[in-house]
1. Rank Ala79, Ala23, Ala52 by mean-square fluctuation in a GNM of the chain with C-alpha springs under 10 angstrom and give only the top-ranked residue.
2. On C-alpha positions alone, give me the angle between the axis of helix 52-89 and the longest principal axis of the chain, in degrees, nearest 10.
3. Evaluate segment 16-79: find the radius of gyration of its Cα atoms, find its Kirkwood radius, and give the ratio Rg to Rh.
4. Given a 1.4 angstrom probe, I'd like the percentage of the accessible area of the chain that is carbon and sulfur, rounded to a whole number.
5. So, for segment 1-70, what is the accessible surface per residue at a probe of 1.4 Å, expressed in square angstrom?
6. Hey, what angle do you get for helix 10-46 against the long axis of the chain, alpha-carbon based, 0 to 90 degrees rounded to 10?
Amino acid sequence: MQPQPREITADYRRRAGILTWSATVVGALMAVALVVSVVFLVRADQDTRNAAYGYLALVLWVGIAAGIPVLLALAISAARMRRRVREQQR
């Protein structure tokens, strides 16, 4: 005998939407950080007096690496919640 799934509430739908938007925002920030880090590397490579930009690029890469688990947690949770909402609507 399998337990009956609980009813999907409006609060659950709202939280699924919040998680989806949060994952989108984190992903966009990581993409911007990647582009900015490449720009910093180009600036650091052009002139040795701009070597600090290379270190800033490394800091951004560490931030991106630290953000990957956060992005995965948000995206996987949001996908499961949204799939459950879609299945319940059928």
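The values are calculated or read from the model by the stated rules, or taken from the named source; none is laboratory data. These figures come from a predicted structure and were not determined experimentally. Calculation scope for accessible area: heavy atoms of the full protein, side chains included, ligands and nucleic acids excluded. Shrake-Rupley method; radii C 1.70, N 1.55, O 1.52, S 1.80 Å.
1. Ala52
2. 10
3. So for segment 16-79, dividing Rg by the Kirkwood Rh gives 1.16.
4. The value for the chain is 65 percent carbon and sulfur by accessible area.
5. Accessible area per residue, segment 1-70: 77 Å².
6. 10
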